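Just below is one structure, and these are the notes that go with it.
The numbers here are math on the coordinates, done by the rules we state, and not lab data. The model shown is predicted, which means the values in this text are computed figures rather than measured ones. All Cβ positions, even for glycine, are placed from backbone atoms using ideal geometry, and neighbour counts span all protein chains on display.
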Amino acid sequence: MTMHHMHMMINHAVEMAAEGSNLIMLGQMGMTGEVDKLSISHGEMMIKNAQSLMEKVVKGKPMQSLHKEGATPKTSEEMADTHDLAKSAKSYIDMLSRMSQAPDTNTE
């Protein structure tokens with residue numbers, strides 16, 4: 001059950017990062033002044049929170065305790081899948097962060 005909850009948290013981190021990236025790009029359109037700044041700021045915070053959440057899931061006590069109980073990527077298919085999911089999610093979140101930091105050409 002612990003791994004299932006970790007999978008849900010990884011999915012949540014991906015959703016937060018995607019929404020954050022969308023907010024940043026929306027704000028970069030420069031159509032609503034102060035709201036654009038708020039949108040960008042909130043989006044950046046969502047991506048940072050997603051990155052932090054991923055770090056906590058991968059290095060946190062629940063993951064450590066599962067490894068101590070003998071669940072490793074080499075001995076457990078579920079743990080191997082969890083590590084693969086986390087690696088892919090981190091890569092995706094990092095790409096969203098880089099994409100949304102692209103030079104913005106439409107704001108003042």
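For the reader, a short list of remarks on this structure follows.
- The residues of region 21-36 that are hydrophobic (A, V, I, L, M, F, W, C) and outside any loop (DSSP other than H, G, I, E, B), listed by number, are Leu23, Ile24, Met25, Leu26, Val35.
- Output for region 8-28, where each listed residue is small (Gly, Ala, Ser) and surrounded by fewer than 20 Cβ atoms within 10 Å (Cβ to Cβ): Ala18
- Scanning region 66-91 for residues that are farther than 15 Å from His7 by Cα and within 21 Å of the chain's Cα centre (by Cα) gives a single hit, Ser91.
- Within region 70-87, the presence of at least one residue that is among the basic types (Lys, Arg), free of Cβ contacts under 8 Å to residues at least 60 places away in the same chain, part of a helix (DSSP H, G or I) and under 14 Å from Ile10 (Cβ atoms) is confirmed.
- You will find that of Ser65, Ser39, Ser91, Ser52, the residue that is surrounded by 13 or more Cβ atoms within 10 Å (Cβ to Cβ) and either part of a helix (DSSP H, G or I) or in contact with a Leu (Cβ under 7 Å, 6 or more places away or on another chain) (or both) is Ser39 and no other.
Here's the yes/no breakdown for (1) touching a residue at least 24 places away in the same chain (Cβ under 8 Å); (2) closer than 29 Å to Thr82 by Cα:
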residue	(1), (2)
Ile10	yes, yes
Met16	yes, yes
Glu19	yes, yes
Gln28	yes, no
Leu38	no, no
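- Residue count, region 94-104 (criterion: over 17 Å from the mean Cα position of the chain (by Cα) and exposed (fewer than 13 other Cβ atoms within 10 Å of the Cβ)): 2
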